[in-house]
Amino acid sequence: GVRLLLHGLCSNTTVKSLDLKGNNLRTMGAEALGKLLRQNKSIRSLTLEWNSLGMWEEGFSLFCQGLRANNFLQRLDLRNNQINHQGAGELAMALTQNTSLQELDLRWNNIGLLGGRALLNCLRSNKTLKRLELAGNNVPGDILKAVEQALDHNQDREAILSEAQNQVKILSKEVLSLKDEKNKQFMDFLDTVDKQKEERARSEKISAARVSQLQEALDEQYSIMNSLKTKLQMTEAALALSEQKVHNLGELLNAMKQEQNSVAECHFRELQQQKQEGADREGRLLHDLSAASEKNLLLRNQVDELERKCKVQQDQLFQVKQDLTNTTAELKLRAVEAEERLEMEKRRFKQSLEDMESLRVKEVDRVTQQMEASERSMHDRIQRLEAIRISLDEELSQVKAAALTERGRAEEELIKVRSQARLEEQQRLEHLEEKLRLMTESRDEAQNCCLKQKEMVAEAQAKAKQLSLYADGLRRRLDELQQDLDSKEQEKVTELNKVKVELQEQIGHLEAERTAQDGLREKIAALERQLKALSSNHREALLDKEGEISLLQEKLRMKEAEISRMREEEAQRASFLQNAIMAYVQGSPLGTHSSRK
């Protein structure tokens, strides 16, 4: 009946306690109990009092083999079972490998001296048994005291293990809190770095826009200067042509005056000769008249030639006008080509800006990759620290007082490190805020300089417009002078002196205007120098900003080095704690006892 009952309990998972007291179990019952202990995983308490199991050596050995294989039974009652020293030896061998039994009652058996020694020897390897009752077994008192000491040692060890596990849980919670805090600090730092990168990108965009505006202003000034130069060249050419025309007309008038004077002198001589030879030279008079008529014809031919020359000069003037129109067209074509070159330069500048943007994106990717690599190395280090923590937990299970003291020191050092890190972080934040303030001030100064440059450019444009209007007035005046010259060519003799006087006055005005234009050229050159100086200052400001960006990157690298240094210091502190624990374990009575084993 017991065999059937125990066979049914082998697969049971609900029964926690089994009491078979006083059932006269024999060899078959002991074998069934061994099988039950090997297969059942739910029974925690087993009472076998008054069953005489020690009388059947083979069955009791099978029972002890089942107890050796069981890791769930916590309480076993074997009172009054006639167990001798051989059964105690079997039971001791089973207890050396059992890791769950905490209470064992062997009262009122026949264990004796040998059985007591066997049980004492098994307690050196068994660390879970807390209570062992050996009354009424003829066991000497010194063995009983040794057994009590071993049980007390097991109880103390269990208490130390529980405390160590609690401490490990507390330390793991603190380590997790420290990890969370470090992760928060790291994420805050990454946020600040991202904000700095965004501000740097905005400043770069603003500076690029300012550079493009300055470049456009410079190009406009260059185009205005080129147009002014072309206008000046055109006015100079027109003045040179008008002077050449005046000189040619003066030469023609002088030649005609000389010819007329010579003709008048010849006529006067001929008339005197005719008066003197009037009476007696009538035949000659006719001949002289014919000669005079021929000379008049010659003079008429000369007048016709002079008229043809005037027409040729008019044709030359028309050709010169056509040349002027052609030169203006060529100048316009050149201006269009210059505008196309300016567009190409703008495209090149935009391409260079895009290249700089791609380089900046690559640099940001490289920095992010470095941060990811550092994060992976941090995870690896955390895993290594976790392995070290596990080993430390295994060793901390043997120590209580040293762990408490080291824990206090570690907490103090952690508090110091936290306070120091917070102070350093506050100082860095204040330093970065000061730098941002300085950068905003420099940006405002640059904006003021740009506004001043725009005002100067507007003034220069207004002056250029005035000069262009003045040049147009000069052109209209020259056209009027040319019309006056064309109309006054018919009045060659009477109006020549007036024309000369007017031309001299106009030449004086033109010279005064040329001197004014020279002054304007000097002013334009001064403005160009100022623009060059402002562009150089702007480039220097850009270089300063790039230097500040490099300094920020260097500080980022220094902060990463400090974080790695702090981790190394934490690893050193952990190794120092491990060495102190090992030293304490080696110097404590528990360590000496384990070394003897």
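The values are calculated or read from the model by the stated rules, or taken from the named source; none is laboratory data. Please read all numbers here as calculations on a predicted model, not as lab measurements. Using ideal geometry, Cβ is built from the backbone for each residue, glycine included, and neighbour counts are taken over all protein chains shown. What goes into the accessible areas is simple: the full protein's heavy atoms, side chains included, and nothing from ligands, DNA or RNA. Shrake-Rupley method; radii C 1.70, N 1.55, O 1.52, S 1.80 Å.
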Long-range neighbours under 8 Å by Cβ, at least six apart or interchain, first residue in contact (Cβ under 8 Å) with a residue 24 or more places away in the chain within region 500-516, second of a type in the set (Phe, Trp, Tyr): 513/470
Answer with yes or no whether residue 35 is touching a His at 6+ places or on another chain (Cβ under 9 Å) and either open to solvent by 10 Å² or more (accessible area, probe 1.4 Å) or closer than 21 Å to residue 117 by Cα (or both). yes
Among the residues of region 477-494, is there at least one that is outside any helix (DSSP H, G or I) and surrounded by 14 or more Cβ atoms within 10 Å (Cβ to Cβ)? yes
Tell me, yes or no, whether region 5-18 has at least one residue that is modelled with pLDDT under 90 and among the small types (Gly, Ala, Ser). yes
Only residues that are assigned to a loop (DSSP other than H, G, I, E, B) and charged (D, E, K, R): list them for region 102-128, please. 107, 127
Given the structure, is residue 75 open to solvent by less than 70 Å² (accessible area, probe 1.4 Å) and of a type in the set (Lys, Arg)? no
Lone qualifier among 551, 534 - being in a helix (DSSP H, G or I), within 30 Å of residue 432 (Cα to Cα) and open to solvent by 50 Å² or more (accessible area, probe 1.4 Å): 551
Taking the criterion of being touching a helix residue (DSSP H, G or I) at 6+ places or on another chain (Cβ under 9 Å), surrounded by fewer than 16 Cβ atoms within 10 Å (Cβ to Cβ) and either modelled with pLDDT under 85 or not in a helix (DSSP H, G or I) (or both), would at least one residue in region 136-158 satisfy it? yes
Applying the selection to region 498-522, what residues are closer than 27 Å to residue 231 by Cβ and loosely packed, with under 13 Cβ neighbours inside 10 Å? 504, 505, 508, 509, 511, 512, 515, 516, 518, 519, 522
Test for residue 229: is it within 20 Å of residue 514 (Cα to Cα) and either touching a Pro at 6+ places or on another chain (Cβ under 7 Å) or open to solvent by 50 Å² or more (accessible area, probe 1.4 Å) (or both): yes
Filter the helices (runs of 4 or more DSSP H) completely within region 1-101 down to those with at least 2 residues that are charged (D, E, K, R). 27-39, 57-69
